[in-house]
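The values are calculated or read from the model by the stated rules, or taken from the named source; none is laboratory data. A quick note: this is a predicted structure, and the numbers were derived from the prediction, not measured. Here the Cβ positions follow ideal geometry from the backbone for every residue, glycine too, while neighbour counts run over all protein chains shown. All accessible areas refer to the heavy atoms of the entire protein, side chains included, with ligands and DNA or RNA removed. Shrake-Rupley method; radii C 1.70, N 1.55, O 1.52, S 1.80 Å.
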Amino acid sequence: MVFAGKRPNNLGISNGKLAPCPNSPNCVSSQSTDATHKIAPLTFTSSPEVAIANLKNIIQSLPRTKIITESQDYLYAEFKSALMGFVDDVEFYLDRNANVIQVRSASRLGQSDLGVNRQRIETIRTKLK
């Protein structure tokens with residue numbers, strides 16, 4: 001059985017911001033202000049262009065991952081869980097003003113994600129260094 005759900009229609013960048021997290025705890029965002037959803041943005045020491053290219057390579061190296069949208073400053077990928085096929089929507093926005101990559105990772109369905117979205121971003125953070 002696959003629990004993919006429908007792709008959200010609120011993804012992307014609006015006024016330099018990724019979509020806010022829903023009230024459910026299965027979302028993290030570097031642009032959230034509350035403790036439940038807040039996560040640090042990704043940092044990099046290379047040029048922004050190299051950083052986004054490295055990020056893309058990291059995403060593609062992870063299992064059950066598909067890049068859906070890609071532009072100079074934005075990546076959107078779907079991550080699918082191994083067991084039930086749950087889909088998480090993960091966005092990365094290269095914030096050139098702040099010189100960081102803003103992130104948002106959210107489950108499409110359910111309430112709890114058992115920390116999977118936060119763990120995924122921290123794994124990517126470790127690989128990006």
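Asn54 is checked against (1) in contact with a helix residue (DSSP H, G or I) (Cβ under 7 Å, 6 or more places away or on another chain); (2) under 18 Å from Gln111 (Cα atoms) and fails just one. What number does that condition carry?
All conditions are met except number (2).
Which of the residues belonging to segment 73-110 are farther than 22 Å from Gln31 by Cβ and open to solvent by less than 30 Å² (accessible area, probe 1.4 Å)?
Within segment 73-110, Gly85 is the sole residue that qualifies.
Just checking, how many residues over segment 31-72 are open to solvent by 70 Å² or more (accessible area, probe 1.4 Å), over 22 Å from Asp113 (Cα atoms) and in a strand (DSSP E or B)?
Qualifying residue count, segment 31-72: 2.
Tally time: how many residues in segment 113-129 are of a type in the set (Lys, Arg) and part of a loop (DSSP other than H, G, I, E, B)?
1
If you scan segment 37-51, which residues turn out to be under 15 Å from Ala106 (Cβ atoms) and in contact (Cβ under 8 Å) with a residue 12 or more places away in the chain?
His37, Ile39
If Ser24 passes every condition in (1) under 15 Å from the mean Cα position of the chain (by Cα); (2) touching a residue at least 24 places away in the same chain (Cβ under 8 Å) but one, which one does it miss?
The one condition Ser24 does not meet is (1).
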